[in-house]
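**Student:** Structure provided below as structure tokens; questions to follow.
The values are calculated or read from the model by the stated rules, or taken from the named source; none is laboratory data. Computed from a prediction, not measured in an experiment: that's the story for all the values here. Note that we place each Cβ from the backbone using ideal geometry, even for glycine, and neighbour counts take in every protein chain shown.
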């Protein structure tokens, strides 16, 4: 008797993560620009209310939900599935949800670092994190190249991580 094979993940529409990356790009770019324009010499509670913090916080929430509950649960992707995808043709391409899920985790880590550094008053902490997110989300949304997905594939091929069954899509 052979061991049960893990069930193959249900493929996802590649346009969903790209749409989500486009929304993230707009939020992170706005956070980056406002972070560059506004000095950080403020008390911590004013930093919490700053536009750059609030903009990156929205992206962080999307990353957090997608990281914890899977690619299909992140709000930007859910909006795409519910409102936009029904108006489009059937997807020409689908992909394994595990690399985009890993990419959400990378975005979660970067945005967490940026938010924490901003809260404790580290100059340019949020700006640098937002800039990295801008680059990665731009490449995903407008070029179709997911940096986080490529890191996932590199780590999986090298045996550093073992691909697990994906979370719900």
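Conditions (1) at pLDDT 95 or above; (2) under 30 Å from residue 43 (Cβ atoms); (3) touching a helix residue (DSSP H, G or I) at 6+ places or on another chain (Cβ under 9 Å), marked per residue:
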residue: 60; (1), (2), (3): yes, yes, yes
residue: 64; (1), (2), (3): yes, yes, yes
residue: 75; (1), (2), (3): no, no, yes
residue: 84; (1), (2), (3): no, no, yes
residue: 98; (1), (2), (3): no, no, yes
residue: 101; (1), (2), (3): no, no, yes
residue: 119; (1), (2), (3): no, yes, yes
residue: 125; (1), (2), (3): no, yes, yes
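**Student:** Name the helices (runs of 4 or more DSSP H) wholly within region 11-103 that hold at least 3 residues that are surrounded by 14 or more Cβ atoms within 10 Å (Cβ to Cβ)?
**Tutor:** Because the criterion is at least 3 residues that are surrounded by 14 or more Cβ atoms within 10 Å (Cβ to Cβ), the helices (runs of 4 or more DSSP H) in region 11-103 that meet it are 15-37, 51-69, 75-79.
**Student:** Residues in region 136-144: is at least one outside any helix (DSSP H, G or I) and either over 22 Å from residue 34 (Cβ atoms) or without any contact (Cβ under 8 Å) to a residue 24 or more places away in the chain (or both)?
**Tutor:** Yes, region 136-144 contains a residue that is outside any helix (DSSP H, G or I) and either over 22 Å from residue 34 (Cβ atoms) or without any contact (Cβ under 8 Å) to a residue 24 or more places away in the chain (or both).
**Student:** Please tell me if residue 127 is surrounded by 15 or more Cβ atoms within 10 Å (Cβ to Cβ), under 20 Å from residue 18 (Cβ atoms) and touching a residue at least 60 places away in the same chain (Cβ under 8 Å).
**Tutor:** Criteria not met by residue 127.
**Student:** For region 104-120: of the residues being farther than 19 Å from residue 135 by Cβ and part of a helix (DSSP H, G or I), which is nearest to the chain's Cα centre (by Cα)?
**Tutor:** So, considering only residues that are farther than 19 Å from residue 135 by Cβ and part of a helix (DSSP H, G or I), the one nearest to the chain's Cα centre (by Cα) is 116.
**Student:** Can you name every residue in region 145-168 that is assigned to a loop (DSSP other than H, G, I, E, B) and surrounded by 20 or more Cβ atoms within 10 Å (Cβ to Cβ)?
**Tutor:** Listed by number, the residues that qualify are 146, 166.
**Student:** Evaluate the following for residue 133: is it at pLDDT 95 or above, part of a helix (DSSP H, G or I) and within 15 Å of residue 146 (Cα to Cα)?
**Tutor:** Taking the combined requirement at face value, the residue satisfies it.
**Student:** Which pairs have Cβ atoms under 7 Å, sit 6 or more apart or on different chains, and link a residue in region 86-107 that is in contact (Cβ under 8 Å) with a residue 12 or more places away in the chain and at positive phi to one that is surrounded by 14 or more Cβ atoms within 10 Å (Cβ to Cβ) and part of a helix (DSSP H, G or I)?
**Tutor:** none
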